[in-house]
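Report on one structure; see the data block that follows.
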Amino acid sequence: MAFSKNQSEVDEGLKGELAKKGVVVTTINQLYNWGRQSSIWPMQFGLACCAIEMIATACARYDIARFGAELFRPSPRQSDLMIVAGTVTKKMAPQVVRLYNQMAEPKYVITMGACSIAGGPFIDGYNVLRGIDRYIPIDVHLPGCPPRPEALLYGLMELQKKIQSQEIETTEWYQKGMKREYPVPDFGPHGLVPKFNPEVWQPRELDHRKDKYGEPILIGRKTKAPDLDAPLATPPVAQPPKPQTA
Amino acid sequence: MNLQEIQSKIEAALPGIRLKPVRESLLIEDAAMLPKVAAFLKNDPVLALDYLSSVTGADYLKYLESVYHLYSVEKKTGPVVLRVRVTRDSPRIPSLVPIYRGAEFQEREAFDMYGLYFENHPDLRRIFMWEGFEGFPMRKDYEQEDSEILETADIEWLDRHGAKVPEGMRKKAADLKAQGKRAVAEKTGKSIE
């Protein structure tokens, strides 16, 4: 990801000289962003196996506290970051969107793992949402199945870079009339209604699952079933090689 | 005790029952006889199959099936597998909840996924899918929705919630409605049956 870095207009050399005298020169922007990026409070919820990696990241070996994001809050009201760790089933999706809506600004989302990005191995399933980005905006997509704790830390660092690039005057959550809430989908007769929110996500023109990998889509009616009454096919027994006769 | 001995034991205890060995299991030809067979297997002092491990549905296109795996915790034997076949038109099977209490949630699951109606079940509702879900998703003729194309219900919902919808999607949904179709994911390409 490429972000425009917040550059200080103060000369670096002058800064260094002042630092020797014990004077720190900085901007409000940098101080503000430094504070925000160093105390991201994630929300404490996990949906599937990615949550195990998230827990491992929070434990002593990987220690997410080094990045100031160790305070997992059990309430959306107190958290800045939602780590969607795991498969989002259609039954769970409305709750995830609702939790996002309940978070206070500024809020960020990391989708952790292939499932929450696009459905993962369950993409053709009837019950799994093809990515939570259909309903809410995502800041960092973190692929892997599941991603290792190092990967989650890397994703967090990318998010820190993004936070660093934001400016206090232009940030959307200080603008008037800012309301970042997305409608919570309903349960329909065949799946969620709507299937996606076109304001947030739209299907791509090019479907690489079709043209690149030779149409591996398996969903739809099935036409074959095994015949139980037929005798079991016995696997051919490997014959030992005959000794060669001269 | 092997399958043949169990079969002859059941046939001796319940005259008139029709059993057929299918692979490693016993098929009960008349589904209504299932509770009697299960009660016999549970209460028989020699077999003592006191634990119903799983109730599963299966779809073989020509018929639907419900499969039961019975174990004996007391004798440390099992499994004894029972099968019941029903037609797609009337998938009615007597419930085993009065005999094995643990069958309740598993029968609900089989009902949810395969649409097998377990008669005399105390609380036959969907367990995984939500109320109002239509169809039984594990059946082979289940038509899954195409999750890339919006339908009129989605468009109406989005309008109600004040979300902007691109014109192309509106048109596509209207076309589908005019044809009386819904967006269904079709099976394409080479597949594993």
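The values are calculated or read from the model by the stated rules, or taken from the named source; none is laboratory data. Just so we're clear, the structure is a prediction, and the values are computed from it rather than from any experiment. Don't worry about glycine lacking a Cβ; one is built from the backbone with ideal geometry, like all the others, and counts go over all protein chains shown.
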Legend entry - Failed criterion for residue A:168 (all others in (1) surrounded by fewer than 22 Cβ atoms within 10 Å (Cβ to Cβ); (2) within 12 Å of another protein chain (Cβ to nearest Cβ) hold): (2)
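So that you can scan it fast, the table gives a plain yes or no per residue for (1) assigned by TED's automatic domain parsing to the domain that holds residue B:38; (2) touching a Phe, Trp or Tyr at 6+ places or on another chain (Cβ under 9 Å); (3) surrounded by 12 or more Cβ atoms within 10 Å (Cβ to Cβ):
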| position | (1), (2), (3) |
| --- | --- |
| B:78 | yes, yes, yes |
| B:84 | yes, yes, yes |
| B:96 | yes, yes, yes |
| B:102 | yes, yes, yes |
| B:107 | yes, yes, yes |
| B:111 | yes, yes, yes |
| B:115 | yes, yes, yes |
| B:125 | no, yes, no |
| B:128 | no, no, yes |
Inset, instruction - Select, from A:136, A:83, A:110, A:123, the only residue that is more than 15 Å from residue A:42 (Cβ to Cβ) and buried (at least 22 other Cβ atoms within 10 Å of the Cβ). - result: A:136
Inset, instruction - Report, ordered by the first and then the second residue, all pairs with beta carbons closer than 8 Å, sequence separation of six or more or different chains, a first member in region A:166-181 that is hydroxyl-bearing (Ser, Thr, Tyr), and a second member that is surrounded by 12 or more Cβ atoms within 10 Å (Cβ to Cβ). - result: A:171/A:106; A:174/A:168
Inset, instruction - Kindly establish whether residue B:157 is more than 21 Å from residue B:31 (Cβ to Cβ) and either in a strand (DSSP E or B) or within 21 Å of the chain's Cα centre (by Cα) (or both). - result: no
Legend entry - Index of the failed condition, residue B:125 passing every other in (1) assigned to a loop (DSSP other than H, G, I, E, B); (2) in contact (Cβ under 8 Å) with a residue 24 or more places away in the chain; (3) among the basic types (Lys, Arg); (4) more than 7 Å from chain A (Cβ to nearest Cβ): (2)
Inset, instruction - Taking the residues in region A:203-222 that are at the interface with chain B (Cβ under 7 Å from one of its Cβ atoms) and at negative phi as candidates, determine which candidate is modelled with the highest pLDDT. - result: A:203
Inset, instruction - Working only within region B:139-170, note down all residues that are more than 8 Å from chain A (Cβ to nearest Cβ) and in contact with an Asp or Glu (Cβ under 7 Å, 6 or more places away or on another chain). - result: B:139
Inset, instruction - Would you mind stating whether residue B:118 is part of a strand (DSSP E or B), at pLDDT 90 or above and more than 7 Å from every other protein chain (Cβ to nearest Cβ)? - result: yes
Legend entry - Filtered residue count, region A:52-80, keeping only those that are crowded, with 19+ Cβ neighbours inside 10 Å and under 22 Å from residue A:123 (Cα atoms): 1
Inset, instruction - State yes or no: is residue B:141 part of a loop (DSSP other than H, G, I, E, B) and either aliphatic (A, V, I, L, M) or in contact with a Lys or Arg (Cβ under 7 Å, 6 or more places away or on another chain) (or both)? - result: yes
Legend entry - Hey, residue B:54 within 25 Å of residue B:135 (Cβ to Cβ) and in contact with a strand residue (DSSP E or B) (Cβ under 7 Å, 6 or more places away or on another chain) or not: yes
Legend entry - Check on residue A:199, without any contact (Cβ under 8 Å) to a residue 40 or more places away in the chain and over 21 Å from residue A:35 (Cβ atoms): yes
Inset, instruction - Please go through region B:11-40 and pick out each residue that is of a type in the set (A, V, I, L, M, F, W, C) and more than 23 Å from the chain's Cα centre (by Cα). - result: B:12, B:13, B:14, B:17, B:40
Inset, instruction - Take region A:30-47 and flag every residue that is over 17 Å from residue A:97 (Cα atoms) and part of a loop (DSSP other than H, G, I, E, B). - result: A:38, A:39, A:40, A:41
Inset, instruction - Just need a number here: residues in region A:126-165 that are of a type in the set (S, T, N, Q) and without any contact (Cβ under 8 Å) to a residue 40 or more places away in the chain. - result: 1
Inset, instruction - Take residue B:134 and decide whether it is buried (at least 20 other Cβ atoms within 10 Å of the Cβ) and not in a strand (DSSP E or B). - result: no
